[in-house]
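The structure under discussion appears below in the form of structure tokens.
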Amino acid sequence: MSDRLYIFDTTLRDGEQSPGATMNQNEKIRLARELESLGVDIMEAGFPAASQGDFEAVRKIAQTIKHSQVAGLCRAMAADIDRCWDAIKDAEHPRIHTFLATSPVHMEYKLRKTPEQVLEMTEAAVKHAAKYTSNIEFSAEDASRSDWDFLAKVAETAINAGATTINIPDTVGYAQPQEFGDMVRHVIENASNSHKAVFSVHCHNDLGLAVANTLAAINAGARQAEVTISGIGERAGNAALEELIMALRTRADYYGIDTNVKSEQLFPTCRLLSMIIGQPIPANKAIVGANAFAHESGIHQDGMLKNRETYEIMTPESVGREKTDIILGKHSGRNAIKGKTTELGYPLEDDELQIVFEAVKRLADKKEKVYDADIEAIILEEVYRIPDKYRLVHLSVQSSDVGVPPSAAVVMEINGIRREHTTFGAGPIDAVFKTISQIVGRSPKLKRYSVNAITSGGDAQGEVTVRLEENGCSSVGRGSDPDIIAASARAFLNALNRLDKMNSEG
Ligand code: KIV
Ligand code: ZN
């Protein structure tokens, strides 16, 4: 059995199904590039039959990515498979990933098919995909609640029809590690042609076991793991790529399995995703959370000073933390900024570069040191963001004074038309949100508000994330600025712009 594990990243597909994690096309392409340089073997770019937007994004990613394989997801139906192939056919290494449910509950209630019909559909779908490519993955949806012998039969049928990867998903996060490992081993041992395919697992985190189940399956012979950055995904998410990689690396003595992933790029990739989807990384998140390498207790600090290995099983550097390169300031020229944005993996057009150049100058007036993370935040907000209907022009806030409640004066543009208004609030941020809501004539509910520092130091940029809800729709907005009130206004407007876009797309 090979001791190499293929990493199949599905952040752009299953990850994007996570509430509030929608990305625009530019953001998806940027993330796809980052995944490629991180070293993932396969990236699932989307579900082309789901919508025209998904189709276009998958197509663009397929045309952009050169080294990783690019997979498109499709149901086990000819029309879906055709659409998928259309989207991925320009990729250097395209993969069709087709799926069909195999558990009794899914077959009976969702598909209304008998097990025999499911076997026939499996064969027909894989044979249809094989007209386009030999790189075919078949997933048995809800495998972990399926009959083990039936699953082995499905795998055998798919391999005979031409599938080269068989994926065994724990779709509802129901499996337990030992049991899941036994099940994977059973399928590998009982599908007579299993040596002709790579076995894969795809674990959801409903019981917090996604990474544990993935590791158990690897021990049982799986050689592809489907994961997402920071574990985002449907419901409680998927197995987190960074956790799996660092478990395999830190315990190489136990697993003896290699991947192509560059662990030093884990933190920058998680940070990029967090900035794109506007969801902060929780402080206690394994590997990449702010506290993951922080030692608070006196006994731990003492031990660390004597020998880091007392309380540190991996170094922050090994996952790409601690990189605080000061790069630009007031006097940096256009060339320096162009060099930096290219080095960070953002090849910008001249007009985009000009936008970043001006934003860096404005930021350098407010804060002394401009870091890589600041530049990334600028690019994501000023260049990659969907064209805004609502735009902030000016903001002035009066904090509370004796007997006078806080107030905000906001000047905005709505589709290029200038509007202004002032109002009071319970606090300065409440005043800003109320003023903006009154200008735009909407009344979204604020469901979440959080502030994070993008970089370190007293003049760090604050990154504010808000979640708004209006008429059953919800959206996440992100804004950054050294002044957190200004960052809050930007985040609120970003969320409003996303809500507006959702409403106009129906
Ligand atoms: O969770 C799941 O079963 C999936 C499949 C489509 C692979 O996402
Ligand atoms: Zn899934």
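For the range 15-29, does any single residue satisfy the condition of being within 16 Å of ligand 1 (Cβ to nearest atom), in a loop (DSSP other than H, G, I, E, B), among the charged types (D, E, K, R) and closer than 21 Å to residue 269 by Cβ? It would help to see each step written out before you state the result.
Filtering the range 15-29 down to residues within 16 Å of ligand 1 (Cβ to nearest atom) leaves 15-19, 21.
Okay, now just the ones that are also in a loop (DSSP other than H, G, I, E, B), so 18-19, 21.
Keeping just the survivors that are among the charged types (D, E, K, R) gives none.
Checked against the condition, which is being within 16 Å of ligand 1 (Cβ to nearest atom), in a loop (DSSP other than H, G, I, E, B), among the charged types (D, E, K, R) and closer than 21 Å to residue 269 by Cβ, the range 15-29 yields no hits at all.
Please go through the range 208-221 and pick out each residue that is of a type in the set (A, V, I, L, M, F, W, C), free of Cβ contacts under 8 Å to residues at least 60 places away in the same chain and away from ligand 2 (no atom under 15 Å from the Cβ). Give the derivation first.
Taking the range 208-221 first, the residues of a type in the set (A, V, I, L, M, F, W, C) are 209-212, 215-218, 220.
Filter once more, so that each one left must be free of Cβ contacts under 8 Å to residues at least 60 places away in the same chain: 209-212, 215-217, 220.
Listed by number, the residues that qualify are 212, 215, 216, 220.
Are there any helices (runs of 4 or more DSSP H) wholly within the range 190-287 with 3 or more residues that are closer than 30 Å to residue 466 by Cα and either in contact with a Ser or Thr (Cβ under 8 Å, 6 or more places away or on another chain) or within 16 Å of ligand 1 (Cβ to nearest atom) (or both), and if so which?
241-250, 266-277
I'd like the full set of residues that are under 36 Å from the mean Cα position of the chain (by Cα) and polar (S, T, N, Q), limited to the range 378-429.
396, 415
Given the residues 407, 396, 450, which is the only one that is farther than 29 Å from residue 290 by Cβ, in contact (Cβ under 8 Å) with a residue 24 or more places away in the chain and not β-branched (Val, Ile, Thr)? Step through it out loud before you land on a result.
Values: 396 fails: in contact (Cβ under 8 Å) with a residue 24 or more places away in the chain; 450 fails: farther than 29 Å from residue 290 by Cβ.
None of the others qualify; the one that does is 407.
Taking residue 353, is it among the hydrophobic types (A, V, I, L, M, F, W, C), free of Cβ contacts under 8 Å to residues at least 60 places away in the same chain and surrounded by 14 or more Cβ atoms within 10 Å (Cβ to Cβ)? Explain how you work it out, then say what you get.
Details: among the hydrophobic types (A, V, I, L, M, F, W, C): yes; free of Cβ contacts under 8 Å to residues at least 60 places away in the same chain: yes; surrounded by 14 or more Cβ atoms within 10 Å (Cβ to Cβ): yes.
So residue 353 passes the test.
I'm trying to understand the selection: among the residues of the range 440-462, which are of a type in the set (Gly, Ala, Ser), assigned to a loop (DSSP other than H, G, I, E, B) and at pLDDT below 90?
Across the range 440-462, the qualifying residues are 456, 457, 458, 460.
At negative phi and outside any strand (DSSP E or B): which single residue out of 396, 480, 437 fits that description?
Working: 396 fails: outside any strand (DSSP E or B); 480 fails: outside any strand (DSSP E or B).
Result of the check over 396, 480, 437: 437.
So, of the residues in the range 144-158 that are of a type in the set (Gly, Ala, Ser) and within 13 Å of ligand 1 (Cβ to nearest atom), which turns out to be surrounded by the most Cβ atoms within 10 Å (Cβ to Cβ)? Break it down stepwise before answering.
Keep residues of the range 144-158 that are of a type in the set (Gly, Ala, Ser), which gives 144, 146, 152, 155, 158.
Right, trim to within 13 Å of ligand 1 (Cβ to nearest atom) and you get 144, 146.
Working: 144: 24, 146: 26.
Restricting to residues being of a type in the set (Gly, Ala, Ser) and within 13 Å of ligand 1 (Cβ to nearest atom), the top hit is 146.
May I ask you to list the residues in the range 381-440 that are surrounded by fewer than 15 Cβ atoms within 10 Å (Cβ to Cβ), in contact with a strand residue (DSSP E or B) (Cβ under 9 Å, 6 or more places away or on another chain), hydrophobic (A, V, I, L, M, F, W, C) and more than 18 Å from residue 494 (Cα to Cα)?
Scanning the range 381-440 gives a single hit, 404.
Could you go through the range 457-467 and let me know if any residue there is surrounded by fewer than 21 Cβ atoms within 10 Å (Cβ to Cβ), of a type outside the set (Val, Ile, Thr) and closer than 30 Å to residue 51 by Cβ. Can you show your working first?
Going through the range 457-467, the residues surrounded by fewer than 21 Cβ atoms within 10 Å (Cβ to Cβ) turn out to be 457-460, 462.
Add one more test, that the residue is of a type outside the set (Val, Ile, Thr), and what stays is 457-460, 462.
Those still in the list that are closer than 30 Å to residue 51 by Cβ too: none.
No, every residue in the range 457-467 fails to be surrounded by fewer than 21 Cβ atoms within 10 Å (Cβ to Cβ), of a type outside the set (Val, Ile, Thr) and closer than 30 Å to residue 51 by Cβ.
Being more than 16 Å from ligand 2 (Cβ to nearest atom), over 23 Å from residue 222 (Cα atoms) and among the charged types (D, E, K, R): is that true of residue 110 here? Please lay out each step first, then the result.
Values: more than 16 Å from ligand 2 (Cβ to nearest atom): no; over 23 Å from residue 222 (Cα atoms): yes; among the charged types (D, E, K, R): yes.
Judged against the criteria, residue 110 is not a match.
For residues that are of a type in the set (Asp, Glu) and more than 31 Å from the chain's Cα centre (by Cα), scanning just the range 113-143, find the one that is surrounded by the most Cβ atoms within 10 Å (Cβ to Cβ).
We begin by selecting, within the range 113-143, every residue of a type in the set (Asp, Glu); these are 116, 120, 123, 137, 141-142.
Checking which are more than 31 Å from the chain's Cα centre (by Cα) leaves us with 116, 120, 123.
Numbers: 116: 8, 120: 13, 123: 18.
Residue satisfying both the conditions and the ranking: 123.
Would you confirm whether or not the range 242-256 contains a residue that is free of Cβ contacts under 8 Å to residues at least 60 places away in the same chain, out of contact with any Asp or Glu (no Cβ under 6 Å at 6 or more places or on another chain) and closer than 18 Å to residue 21 by Cα?
No, the range 242-256 contains no residue that is free of Cβ contacts under 8 Å to residues at least 60 places away in the same chain, out of contact with any Asp or Glu (no Cβ under 6 Å at 6 or more places or on another chain) and closer than 18 Å to residue 21 by Cα.
Please go through (1) among the basic types (Lys, Arg); (2) surrounded by fewer than 17 Cβ atoms within 10 Å (Cβ to Cβ); (3) in the same structural domain as residue 70 (by TED's automatic domain parsing) for residue 271 and return the number of the only condition it doesn't satisfy.
Answer for residue 271: the failing condition is (2).
Quickly run through the range 18-48 and pick out the residues that are over 22 Å from residue 385 (Cβ atoms), of a type outside the set (Ser, Thr, Tyr) and either in contact with a helix residue (DSSP H, G or I) (Cβ under 7 Å, 6 or more places away or on another chain) or within 16 Å of ligand 2 (Cβ to nearest atom) (or both). Working first, answer last.
Step one: of the range 18-48, the residues over 22 Å from residue 385 (Cβ atoms) are 36-44, 47-48.
With the extra rule that they be of a type outside the set (Ser, Thr, Tyr), the set shrinks to 36, 38-44, 47-48.
Of everything in the range 18-48, those that are over 22 Å from residue 385 (Cβ atoms), of a type outside the set (Ser, Thr, Tyr) and either in contact with a helix residue (DSSP H, G or I) (Cβ under 7 Å, 6 or more places away or on another chain) or within 16 Å of ligand 2 (Cβ to nearest atom) (or both) turn out to be 38, 42, 43, 44, 47, 48.
Quick grid of which residues meet (1) outside the structural domain of residue 117 (by TED's automatic domain parsing); (2) under 19 Å from residue 239 (Cβ atoms); (3) surrounded by fewer than 21 Cβ atoms within 10 Å (Cβ to Cβ); (4) aliphatic (A, V, I, L, M):
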| site | (1), (2), (3), (4) |
| --- | --- |
| 160 | no, no, yes, no |
| 164 | no, no, yes, no |
| 167 | no, yes, no, no |
| 170 | no, yes, no, no |
| 177 | no, yes, yes, no |
| 189 | no, no, yes, no |
| 194 | no, no, yes, no |
| 199 | no, yes, no, no |
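Looking only at the range 1-17, which residues are crowded, with 20+ Cβ neighbours inside 10 Å, within 16 Å of ligand 2 (Cβ to nearest atom) and not basic (Lys, Arg)? Working first, answer last.
We begin by selecting, within the range 1-17, every residue crowded, with 20+ Cβ neighbours inside 10 Å; these are 5, 7-16.
Remaining after also requiring within 16 Å of ligand 2 (Cβ to nearest atom): 7-16.
Within the range 1-17, 7, 8, 9, 10, 11, 12, 14, 15, 16 meet the criteria.
The values are calculated or read from the model by the stated rules, or taken from the named source; none is laboratory data. Computed from a predicted model, the values in this text were never measured in an experiment. Quick reminder, even Gly has a Cβ in these numbers, built from the backbone with ideal geometry, and neighbours come from all protein chains shown.
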